[in-house]
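So the structure is just underneath, and the comments pick up after that.
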Amino acid sequence: MKGWTGNILRIDLTKKTHRKEQFTEEFARKWIGGRGFALKLLWDELKPGIDPLGPENKLLVVLGPIAGVPMPNSGKTIVAAKSPLTGTYADGNIGSHITIQLRKAGYDIMILEGRSAKPEYVLVEDDKVTFHPAEDLWGKGTFDTQKVLEDKYGRTAGILSIGQAGENKVLFAVVRSMEGRAGGRPGIGAVMGSKNLKAIVVKGTKEIPMADPKEMKARGVGDLKKVGDMDKKSKWSVQGTNAVLSWCNEMAALPVRNHRLSQHPEAWKLDGQRTSSARVATYGCPNCTMRCGIAIKDKEGHESEIDYENVGMLGPNLEIFDLKQMASLNYMCDDFGMDTISTGGTLSWYADAIDQGAAVGDFKFGDAEAAKVLTRKIALREGVGDLLADGSLKASRKVGHHSEAYAIQCKGLELSAYNCKYVPGQALAFGTSAIGAHHKEAWIITYELKFSERGGYGRDKAQKVVDLQRIRSSIFESLPICRFPWIELGWDLKNYPEYYNIATGANWTLDDFLRTGDRIYALLKAFWCREHPDTDRTQDYPPRVYFDPRIADKEGIIAGKHLELDKYDELLSHYYDIRGWDKRGVPTRKTMVSLGLEKEADQLAKVCKVSEDCVPIGNRGV
Amino acid sequence: MKVRVRLIGQFSERLGFAEKDLEFPSAPTAAELTARVGLKGLEHVITREGLPLACEDRLKDKDRVVIAPIFSGG
């Protein structure tokens with residue numbers, strides 16, 4: 001086998017044992033790597049209904065055939081597990097030296113099982129695995145933890161760690177690396193914490209197997225320069241993703257005040273120009289050609305590395321327009337190891353719930369100091385922080401008083417920083433994302449504006465969402481690799497199959513990736529259905545407030561606009577029709593068999609009704 | 001006639017301004033305006049009041065347009 005090492009490192013944290021296993025070439029070619037591998041392994045190895053925070057859950061660190069090679073932006077790793085936030089498969093895409101080190105150690109996959117009796121970290125040095133006490137690290141933030149381990153094992157050691165949020169099983173705790181990188185929004189950090197696993201350190205010395213190493217090196221070196229030059233010429237990295245804030249504000253797609261508003265006159269205080277001017281350093285992932293980590297000083301003087309999602313959710317969404325205060329919240333989330341998007345979404349739900357009289361408290365929109373106190377309480381699960389640490393959906397169900405209506409989430413995961421009140425296609429993208437409302441699955445707002453009709457519900461939008469989910473699941477989540485050269489600089493998509501072929505000796509085209517993307521997305525949804533056997537199409541709806549005319553903006557360019565439920569349902573039917581899923585959103589047997597998922601269809605049918613075939617659109621009703 | 005132009009992100013960095021008024025002797029089309037700004041050949045989306053303009057759409061006096069690259073978020 002070329003391209004893949006073919007090896008799985010399986011570590012049992014309870015028994016303190018480890019073993020090397022092999023996967024077949026057939027498995028590799030069917031699932032590519034990254035998300036594909038993780039999804040299939042978790043489908044096979046986890047019993048439905050297990051407690052995500054119990055020892056029976058498994059934490060996977062997964063790479064793919066081009067991970068870690070000298071190719072533009074190839075420094076990404078997938079971390080995956082069953083999510084405690086959404087109750088289904090979850091993953092995160094994180095830039096880390098572990099991408100290179102784990103491959104050099106001779107593995108594509110690391111599976112961590114069981115639970116350590118005491119806090120520990122695991123050290124992998126090629127074939128050697130050792131377990132180390134981490135009591136002295138437990139209670140430390142991710143910055144200190146990274147530093148201690150880097151001092152001990154070197155700056156280029158592959159290190160993944162959690163902060164106090166992961167230790168305390170905050171349901172949106174993330175895994176962190178290289179100080180500024182984070183992954184695993186739906187609580188992968190909490191799964192790591194539940195295993196008493198503070199960190200993973202990997203050092204490898206072997207060659208990464210390639211079908212054509214000479215060609216890989218020549219092509220990679222050339223493209224690293226080429227993509228870097230494209231970035232310099234375009235000036236994309238000057239503002240990075242923070243440029244999106246001004247655009248969302250101009251387009252009335254900005255989350256303001258828990259999505260009750262979609263524009264704000266003070267948004268400019270946090271825009272790309274302001275953050276770029278305040279920049280004190282820039283950071284990126286291994287092999288990065290367009291470093292997007294813009295660090296600014298927060299109110300307390302820390303370096304806080306921000307991108308648009310952080311700014312959008314901790315800034316306008318909370319009506320905080322002081323750049324340094326927003327940066328402080330961001331730094332705290334990073335240090336505690338907590339997702340900034342879900343922290344912002346949960347805090348904004350809480351402020352809203354107090355406003356609406358559903359919850360008791362004194363937290364108000366715009367109060368940055370109180371937001372900092374609450375952020376700390378969430379990470380440590382103190383007081384009301386214990387409620388909020390479960391995310392907006394679970395918290396709203398505990399609080400009641402109809403507050404679930406304005407928990408801005410899908411499948412339990414808070415929306416990224418796009419207000420979809422009048423962007424139906426993006427609402428569909430969030431609604432149908434099988435891991436919850438994550439922007440990494442599909443982002444179609446500019447498509448909706450330029451090539452379609454903004455307020456329209458045409459089938460083309462469902463097709464675009466499916467196309468992006470295919471591309472992102474198969475190429476970017478499974479190789480795995482950063483999507484920015486493609487989406488921000490227009491680096492041709494055909495480069496990715498070409499690199500895959502150089503690495504593996506295959507002869508794949510983009511179509512092979514798209515078909516694999518369909519397979520992955522069908523199994524992703526099947527995973528959701530297996531864990532939620534009574535699922536229906538409402539699970540693929542966006543937040544309900546988007547349909548409520550009372551929440552429509554009162555002024556501005558989308559005054560009075562809101563999503564229409566019957567039209568959204570029609571759009572969703574188009575989506576199911578394209579995918580070959582039934583009207584409940586469950587993949588049909590015919591679809592699963594056509595994608596090589598016959599066994600998985602049988603397994604799903606044991607717990608959830610699986611239709612044989614689709615009812616043609618127009619005859620199905622909703 | 002005057003049209004106010006707002007550039008987003010990399011476009012403002014490339015062209016050295018974020019927002020300014022441009023004078024035209026007569027109503028330009030969206031394509032004429034983007035060419036004048038210096039964005040001809042660069043993929044972009046141009047909007048007025050949050051809705052997209054086609055190349056042939058004509059602008060009015062005191063219109064404000066926003067021009068952004070086709071980007072995809074963080």
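Structure data summary
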read-out: Residues whose placed amide H lies under 5 Å from that of residue A:413, excluding near-sequence neighbours; value: A:437
read-out: Of every Cα-Cα pair in the stretch B:1-45, the percent that sits beyond 16 Å; value: 33
read-out: Amide proton proximity set for residue A:320, modelled H, under 5 Å, gap of 5+; value: A:366
read-out: Inter-label distance, nm, simple model (7 Å from Cα along the C-beta direction), residue A:362/residue A:207; value: 6.8
read-out: Order by protection proxy (mean Cβ within 10 Å, highest first), peptides A:238-245, B:9-16; value: A:238-245, B:9-16
read-out: D_trans [Stokes-Einstein, Kirkwood Rh over alpha-carbon pairs] for the stretch A:240-407, 25 °C, 0.890 mPa s, µm² s⁻¹; value: 154
read-out: Average projection area in nm² (convex hull over Cα atoms of the stretch A:469-536, one quarter of hull surface); value: 5.5
read-out: Local electrostatic count, residue A:479, Cβ distance below 10 Å [Lys/Arg +1, Asp/Glu -1]; value: +1
read-out: ³J(HN,Hα) computed for each position of the stretch B:27-41 - Karplus, 6.51 cos²θ - 1.76 cosθ + 1.60, integer Hz, glycine/proline x; value: 4, x, 7, 4, 5, 5, 5, 5, 5, 5, 5, x, 9, 4, x
read-out: Residue B:56 versus residue A:27: modelled label distance in nm, points set 7 Å from Cα along the beta carbon direction; value: 5.8
read-out: Relative contact order (%) - chain A, alpha-carbon pairs under 8 angstrom, separation at least six; value: 14
read-out: Whole-percent pair-distance distribution, where bins are 20 Å wide, for the alpha carbons of the protein assembly as shown; value: 19, 55, 24, 1, 0
read-out: Per-residue ³J(HN,Hα) for the stretch A:389-400, Karplus 6.51 cos²θ - 1.76 cosθ + 1.60, θ = phi - 60°, Hz, x for Gly and Pro; value: 5, 8, x, 5, 5, 5, 4, 5, 5, 6, 6, x
read-out: Sequence ranges A:337-344, A:517-524, A:529-536, ranked by mean other-Cβ count within 10 angstrom, highest first; value: A:337-344, A:517-524, A:529-536
read-out: Shielding score for A:431-444, defined as the mean number of other chain Cβ atoms within 10 Å; value: 1
read-out: Shape call, the stretch A:7-203: gyration tensor on alpha carbons, a/c limit 1.5; value: rounded
read-out: Estimated dipole of the stretch A:7-203 in Debye, rounded to 20 [Cβ of Lys and Arg +1, of Asp and Glu -1, Cα centre]; value: 160
read-out: Spin-label pair residue A:514/residue A:19, simplified geometry with 7 Å Cα→Cβ offset, distance in nm; value: 4.2
read-out: Charge dipole (debye, nearest 20) of chain A; +1 at Cβ of Lys and Arg, -1 at Cβ of Asp and Glu; value: 840
read-out: Amide proton proximity set for residue A:261, modelled H, under 5 Å, gap of 5+; value: A:256
read-out: Label zone at residue A:2 (point 7 Å along Cα-to-Cβ), backbone N below 18 Å, the stretch A:490-530; value: A:496-509
read-out: Rounded, prolate or oblate (a/c below 1.5 giving rounded, otherwise prolate when a/b exceeds b/c) for the stretch A:176-258 by Cα gyration tensor; value: oblate
read-out: Charge dipole of the stretch A:7-203 about the Cα centre (unit charges at C-beta), most positive-ward option of A:37, A:101, A:166; value: A:37
read-out: Simple Cβ-charge dipole of the stretch A:508-549, Lys/Arg +1 and Asp/Glu -1, about Cα centre, in debye nearest 20; value: 60
read-out: Using θ = phi - 60° and Karplus 6.51 cos²θ - 1.76 cosθ + 1.60, couplings along the stretch A:514-524 (whole Hz; Gly, Pro as x); value: 5, 5, 5, x, 5, 4, 5, 5, 5, 6, 4
read-out: Added length on full extension, which subtracts the Cα-Cα distance from 0.36 nm per residue, residue A:370 to residue A:538; value: 57.0 nm
read-out: Residue (of A:314, A:241, A:216) at the positive-pole extreme of the stretch A:212-314, dipole from beta-carbon charges; value: A:216
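Laboratory data are not the source of any read-out in this text; all were calculated from the coordinates shown. As the structure is a prediction and not an experimental result, all values here were calculated from the model. Cβ sites come from the backbone with ideal geometry, for glycine too, and all protein chains shown count toward neighbours.
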